[in-house]
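Coordinate-derived values only; no laboratory data. Keep in mind that this is a model prediction, so the values were computed, not measured. For neighbour counting, all protein chains shown are included, and Cβ atoms are generated from backbone atoms with ideal geometry for every residue, glycine included.
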Amino acid sequence: MINILKIKFSIILFLASVIRKLRVFKYRIRGYDIPYSAVIEGNVKLDRLYTKGIHIGSNTLVGSGVVILSHDHCKRTNDNQPYLIDTYIGRNCFIALNSIILPGVKIGDEVIVGAGSVITKDIPSNSVVAGNPARIIRTGIKMNNFAALENWTVENGWIIE
Ligand SMILES: CC(C)(COP(=O)(O)OP(=O)(O)OC[C@H]1O[C@@H](n2cnc3c(N)ncnc32)[C@H](O)[C@@H]1OP(=O)(O)O)[C@@H](O)C(=O)NCCC(=O)NCCS
C-alpha cells in the first residue's frame, strides 16, 4: 500500500515538474527573466506591460496568487507613458501565497516573504519579511536549492547563531 502511494506521489511530482518547466518556458518567450530552476505556481500575476523588467533568481519558488509588478500607472514619464522599472528577486527565495511585490523593489538571495505581504522596499539577503508594509521579522536564515530552510527543524525550531 505504501509503495503504491509512493509511486503515485512520484508520478504526480514528475507531472508537476513538467508543467512547471512548460510554464517557465512560456514566461521566457514573453520576455521575463526567469531561469528553468525557478518554480512559478499557477495563478501568479506577473506584470504584463514590462515583462523584461521582472527578474527572478535560480531555485526561487513563487507561490500561488503572488503579484509582481514592474510598472506604475500613476507615475508617468515626460511623454505621458507609464513609468517602467525593473524588479528583482534573488535566488533560493520563497515568496509565499498572495504577496504583492511593488515595482522597482530588489529582494536579495535566500529571503522568505510571508503569506499576504506587501513588499514596498528593498529586502536584504537571508531575511524573513512579513506584513503590510512588510517588515523584517528574522535575519540570518539559510535557504537551500529547494527554497526551503536549512536552519529550521521540527524538533528545534529556528537555529540561528
Ligand atoms: C513568513 C513565515 C515563514 C514566518 O514564520 P515565523 O518566522 O515562524 O514567524 P512567527 O510565527 O514566529 O511570527 C513572527 C512575527 O511575524 C508575524 N508574522 C508571521 N507571518 C506573517 C505574515 N504572513 N503576515 C504578517 N505577519 C506575520 C507574526 O504575527 C509575529 O508577530 P509578533 O512578533 O508581533 O507576534 C510564515 O508566517 C509564513 O507566512 N509562511 C508561509 C506559509 C505558506 O504560504 N504556506 C503555503 C506554502 S505554498
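Extension gain, Arg28-Ala148: 0.36 nm per intervening residue step, less the Cα-Cα distance, totals 40.8 nm. If you take all other residues with their beta carbon under 13 Å from the beta carbon of Ser17, and give Lys and Arg +1 and Asp and Glu -1, the sum is +2.
What is the helix-to-structure angle for 2-29, meaning the angle in degrees between its Cα long axis and the longest Cα principal axis of the chain, kept from 0 to 90 and rounded to the nearest 10? For helix 2-29, the angle is close to 20 degrees.
Which of the trypsin sites (Lys or Arg not before Pro) across the stretch 105-157 are loop residues per DSSP, with 14 or fewer other Cβ within 10 Å? Before the final figure, lay out each step's value.
Numbers: sites: Lys106, Lys121, Arg135, Arg138, Lys142; in loops: Lys121, Lys142.
Those satisfying the criteria are Lys121, Lys142.
Quick one: net charge around Asn59, please, counting Lys, Arg +1 and Asp, Glu -1 for every other residue with C-beta under 15 Å from its C-beta. Its environment carries a net charge of -1.
Based only on Cα atoms, what mean projected area does the convex hull of the stretch 2-158 have, in nm²? Mind showing how you got there, number by number?
Numbers: hull surface 41.9 nm².
If you wrap the Cα atoms of the stretch 2-158 in a convex hull and average its projections, you get 10.5 nm².
Add +1 for every Lys or Arg and -1 for every Asp or Glu among the other residues with Cβ under 14 Å from the Cβ of Leu49, and state the total.
On the way: positive: Arg30, Lys45, Arg48, Lys52, Lys75, Arg76; negative: Asp47, Asp72, Asp86.
With Lys, Arg at +1 and Asp, Glu at -1, the net is +3.
Calculate how many DSSP beta bridges within the chain are antiparallel, expressed in % of all such bridges and rounded to the nearest 5. Show your work: numbers first, answer last.
Details: 10 of 31 bridges.
Around 30 percent antiparallel, to the nearest 5.
Less than 5 angstrom separates the built amide H of Tyr83 from those of Asp72, Lys75, Thr77, all sequence-distant by 5 or more or on a different chain.
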